[in-house]
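Values quoted throughout were computed directly from the atomic coordinates according to the rules given, and no laboratory measurement underlies them. Computed from a predicted model, the values in this text were never measured in an experiment. Virtual Cβ from ideal backbone geometry, glycine too; neighbours counted across all protein chains shown.
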Amino acid sequence: MEQQIINGIAEAVKAIYDVELPTSRIVLQPTKKEFEGSLTFVTFSLTKQLGKNPVEIGEEIGRYLKENTEAVADYNIVKGFLNLVISKGVWVNTLASIAEDKNYGHLPSNGEKVMVEYSSPNTNKPLHLGHLRNNFLGHSVSLILDAAGYDVQKVNLVNDRGIHICKSMLAYTKFGKGEEPSETLKGDKLVGNYYVAFDKAYKVEIAQLIEEKKSDYASLEGVEDLKALKKSIEGKGASKKNKIPLTDEEKVQIKDVKALFEYAEKNAPLLLEAQEMLRKWEAGDEETVALWKKMNDWVYAGFAQSYEMMGVEFDNVYYESQTYLLGKDIVQEGLDSGVFFKKENGSVWIDLKAEKLDEKLVLRGDGTAVYMTQDMGTADLKYKDFGMNKSVYVVGNEQDYHFKVLQAIMKKLGRPYADGIFHLSYGMVELPEGKMKSREGTVVDADDLIQEMIDTAQERTEESGKIDGFTLEEAKVLFKQLALGALKYYLLKVDPKKTMLFNPKESIDFQGDTGVYIQYNHAKIQALLRRADKDGIDYTAAGYKGLTDISEAEADLVAILSKLNDKIVESADAYAPSIIANYAFDVAKQYSKVYSESPIFNEEDDKKKAFRIALSKQSSDAIRIALSLIGVQSPSRM
């Protein structure tokens, strides 16, 4: 229908002004709510070419379209905006076309390959609320890209090596006493407990070292609370507007207290032992590697349960323990080619000052890998396996610099996939209580949060009496669908780049902008369709053929339904599931309006009744497809 109007505008310009206007220059946009019409053509850009003012151009094109184009029933001009009122009969035919469109909600292949890497957990702790946003975002982007016609591979890069892993391992050897996972304690949570235990013991050692070395600094003599002193002095310069100059004594004190804290943090015995354990692991020490394998296996079993609960999956899993050596080979390649350079301590770097990224470490002086080492190796391996046009990394915005550097390095190394590296940066998720910290054990465990959501869904659903006639098993399935629907929708309806505040109670509401509200509308339509089928009503296009009398609300709903494929492409191009999530809400909201204004089974006109049922079915399909693209299931009963 839009293409007919675009062609009609081109014909009007040719017929009226004898000017060839390429259809690529003709853009239609939704009409603003305060004006009559569905589509708007802006005429300002034609004034110079046609030699008339925008209102005259709009009037002449509008008149031509009304007289010569079936789709346009009327028009109005607001300055340089030509607002077009679409024929009601055209909207009826549009609904029939949508129902017959085999590509509705899934576009044909475009021949391009995309790899989406998400989750990327560490094997020293269980998945938490931040991981939920990451997993839901990566999984949804993968589904949307697939629907947009891309060949998509979903991958998970597990961070299973490094100093943080050794911290959990070391704490387990010291405090574990042979503890193992059980029915009440998943393996990932057990290992996470020892990561927290390491941090607690490490802080005790830091405090002890500070006390032991405090007397070496004359400026700190007599100071009881060094943390308070450090905080007090740093606070004076915290506000540029109200900055208080430091005294000479304070300058010495802040220098000394920072040096003391840095010494203690670097020389705490536990940290030194963890560093030695990492060196043993990289050297292949049998006892160290055996412990590493055992604890990682515990974690993987726990992760598998969490992923199943979340409803996310992967086509391939990479492990950093298998890619960091590939990264070391790339470091040597870079040294040989002059892309990298060595410093006196043997560490290897790259100079990216020309790219305004400064110098970046790619291998430590003791030969151990850093994150960049393994990321280079993984990038090569992924391209070898899949040969993708685009490689999307779903990682929090605290790693923005890291991925700019990774792309710059791979470009300098001449990798063919370098331009296709894309960091899908997203903001952190915070709770009303504030930020979470893994080391301190203040994170919100993903499993616990999902279970809390399921419990809340059960409580709210039972209160509203929406599960009458459900078996116990059916009710359990519904509670989980509603819980994950609420959680995923709440986390995905916001633009990925924004830091967001998550309120579990607010997310699971049967009214308003929530996943549950959308799911409820889908279930309501399914009940309606079951009744229509039982009554033997024909709501195929034949049942409402020739109908021209529909309401504005119904026409607006058809217009929204016709935009699904456009929204999928828009969402895929922006890597933004929020576009699809909000589209699902728009369908549900507009359908609710139609449902409240236009009776269905009490309607005496059979064509109108058939049209409204068909419109309901298409709304249900659009909701189901849109929700599925953000990983949410659509219950057929509620």
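Structural remarks
- Placing unit charges on the Cβ atoms only, positive for Lys and Arg and negative for Asp and Glu, gives the chain a dipole magnitude near 880 debye about its Cα centre.
- Counting every alpha-carbon pair across region 161-314, the share separated by more than 25 Å comes to 50%.
- Distance between the 7 Å Cα→Cβ label points at Lys411 and Ile16: 4.7 nm.
- Label-point separation in nm, Ser347 to Lys32, each point 7 Å along Cα→Cβ: 5.7 nm
- Relative frequency of Cα-Cα separations exceeding 15 Å in region 312-369, percent: 57 percent
- FRET E, pair Glu56, Ser24, Förster distance 30 Å, beta-carbon r, rounded to 0.05: 0.80
- The calculated FRET efficiency for the pair Ser636 and Glu570, based on their C-beta separation and a Förster distance of 22 Å, comes to about 0.15.
- Cβ crowding within 10 Å, taken as a proxy for footprinting-reagent exposure, orders Trp349, Trp281 from fewest neighbours to most as Trp349, Trp281.
- Relative contact order (%) - criterion: Cα under 8 Å, at least six apart; region: region 58-112: 24 percent
- Acute angle (nearest 10 degrees) that the helix 248-267 long axis makes with the longest principal axis of the chain, alpha-carbon atoms: 90 degrees
- The chain - percent relative contact order, Cα under 8 Å, separation 6 or more: 15 percent
- Here the gap between Asn103 and Phe422, fully extended at 0.36 nm per residue and compared with their Cα-Cα distance, gives a gain of 112.0 nm.
- When DSSP beta bridges are restricted to pairs lying wholly in the chain, around 55% turn out antiparallel.
- Note on Lys293 and Lys213: the extension gain reaches 25.0 nm, defined as 0.36 nm multiplied by sequence separation minus the Cα-Cα distance.
- Per residue, the average separation of C-alpha pairs within less than 8 Å and at least 6 apart gives region 2-86 a relative contact order of 31 percent.
- Annotation: the residues Asp151, Asp621, sorted from fewest to most other C-beta atoms within 10 Å of their own C-beta, follow the order Asp151, Asp621.
- Dividing the radius of gyration of the alpha carbons in region 270-357 by their Kirkwood radius gives 1.10 for Rg/Rh.
- Only Lys, Arg (+1) and Asp, Glu (-1) charged, at Cβ; region 161-314 dipole about Cα centre in debye: 640 debye
- Exposed loop sites were defined as trypsin sites (Lys or Arg not before Pro) in DSSP loop states (anything but H, G, I, E or B) carrying at most 12 other C-beta atoms within 10 Å; in the chain the longest segment without such a site runs 499-638.
- Both radii were evaluated on the Cα set of region 2-86; the Rg over Rh quotient, with Rh as the Kirkwood radius, amounts to 0.92.
- Two-decimal log10 I(q)/I(0) for the chain, as the Debye equation yields it once each C-alpha is a single scatterer, q = 0.05, 0.06, 0.07, 0.09 Å⁻¹: -0.34, -0.47, -0.62, -0.93
- Most positive-pole-ward Cα, Tyr319, Ile350, Ala304, against dipole of region 285-436 from beta carbon charges: Ile350
- In region 154-211, the C-alpha radius of gyration followed by the widest Cα-Cα span (Dmax) gives 13.9, 51 angstrom.
- About the Cα centre, charge dipole magnitude for region 2-86 (Lys/Arg +1, Asp/Glu -1 at Cβ), debye: 320 debye
- Exposure proxy shown here: for Tyr263, Tyr75, Tyr426, the number of other Cβ atoms within 10 Å sets the order, fewest to most, as Tyr263, Tyr75, Tyr426.
- Between region 257-300 and region 25-101, the Cα center-to-center distance that results, in Å: 68 Å
- Relative to the dominant Cα principal axis of the chain, helix 371-386 is inclined by about 40°.
- Sites matching GluC sites (Glu not before Pro) across region 544-616 that sit in DSSP coil, with at most 16 neighbouring C-beta atoms within 10 Å: Glu603, Glu604
- Amide H contacts under 5 Å for His423: Tyr393, restricted to partners 5 or more places along the chain or on a different chain, H placed in the peptide plane at 1.01 Å from N.
- Once the Kirkwood radius over Cα pairs is known for region 45-112, the Stokes-Einstein relation at 25 °C and 0.890 mPa s delivers a diffusion coefficient of 169 µm²/s.
- Look at the dipole of the chain built from charges on Cβ: of Leu335, Leu145, Ser620, the Cα furthest out on the positive end belongs to Leu335.
- A Förster distance of 45 Å, applied to the separation of the beta-carbon atoms of Phe261 and Ala301, puts the FRET efficiency at 0.70.
- Rounded tilt (10° steps) of 226-236 against the dominant C-alpha axis of the chain: 50 degrees
- For the pair Val477 and Asn602, label points projected 7 Å from Cα toward Cβ lie 3.4 nm apart.
- Region 399-423 and region 514-539 have Cα centres lying 49 Å from one another.
- Short to long, the 10 Å bins of the Cα pair-distance histogram for region 447-629 hold 9, 33, 33, 20, 5, 0 percent of all pairs.
- The chymotrypsin sites (Phe, Trp or Tyr not before Pro) of region 1-68 that meet both conditions, a loop assignment by DSSP and at most 16 other Cβ atoms within 10 Å of the site Cβ, are Phe35.
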